[in-house]
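A short worksheet on the structure shown next.
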Amino acid sequence: MITVYATKEDYSKYGVAKLEYDEISKYLELASIDINKATLTRIEKIGFENLTSQQKDLIIKATCLQAEYIKEEGTYDNGDLLSYSIGGDLTVNTKDVTETSDKLKISKVVYSYLKRAGLTSRII
């Protein structure tokens with residue numbers, strides 16, 4: 001079962017109203033998956049209820065913003081693919097992605113919230 005880190009009420013406070021009411025839950029669930037992945041599943045391991053108030057607030061805000069980002073950008077943007085060819089050998093050319101947020105397919109603002117929460121570092 002997927003833990004969803006924000007509610008429709010949270011979205012009404014922190015979202016920019018880009019989502020229709022009947023689609024909010026779906027996008028918050030997708031965003032929660034992205035948030036969990038970006039934090040290296042630390043929220044899941046620690047337990048959302050065991051986070052500090054500040055961490056919870058940052059995670060809720062990040063989830064709401066990521067839901068909107070998914071709505072605008074899609075869930076799995078293949079923007080890294082530049083070209084491919086099939087003929088003799090399979091050749092795939094991709095963009096060099098250096099930004100962590102780009103690699104994770106999350107908004108840069110969302111990633112900054114997660115960094116502030118202290119849950120993104122590979123070394124703890």
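The values are calculated or read from the model by the stated rules, or taken from the named source; none is laboratory data. Being a predicted model, the structure only gives us computed values, none of them experimental. Don't worry about glycine lacking a Cβ; one is built from the backbone with ideal geometry, like all the others, and counts go over all protein chains shown.
Any idea how many residues of segment 108-124 are part of a loop (DSSP other than H, G, I, E, B) and modelled with pLDDT of 90 or more? Can you show your working first?
Residues of segment 108-124 that are part of a loop (DSSP other than H, G, I, E, B), as a first pass: 117-124.
Right, trim to modelled with pLDDT of 90 or more and you get 117-119.
Qualifying residue count, segment 108-124: 3.
Does K45 count as crowded, with 16+ Cβ neighbours inside 10 Å, among the basic types (K, R) and either modelled with pLDDT of 60 or more or under 12 Å from the mean Cα position of the chain (by Cα) (or both)?
no
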- Query: If you go through segment 17-71, how many residues are among the hydrophobic types (A, V, I, L, M, F, W, C), over 20 Å from R116 (Cα atoms) and touching a residue at least 12 places away in the same chain (Cβ under 8 Å)?
  - Reply: 5
- Task: Being modelled with pLDDT under 90 and either touching an Asp or Glu at 6+ places or on another chain (Cβ under 7 Å) or of a type outside the set (S, T, N, Q) (or both) narrows it down to one of L58, L19, L90, so name that one.
- Result: L90
- Item | Count - residues of segment 16-56 that are part of a helix (DSSP H, G or I), within 16 Å of Y111 (Cβ to Cβ) and not hydroxyl-bearing (S, T, Y) | 10
- Say whether the condition of being modelled with pLDDT of 95 or more, touching a helix residue (DSSP H, G or I) at 6+ places or on another chain (Cβ under 8 Å) and within 18 Å of I106 (Cβ to Cβ) is met by at least one residue in segment 71-80. no
- Within segment 1-23, the residues that are surrounded by 11 or more Cβ atoms within 10 Å (Cβ to Cβ), within 14 Å of E72 (Cα to Cα) and over 15 Å from the mean Cα position of the chain (by Cα) are K18, L19, E23
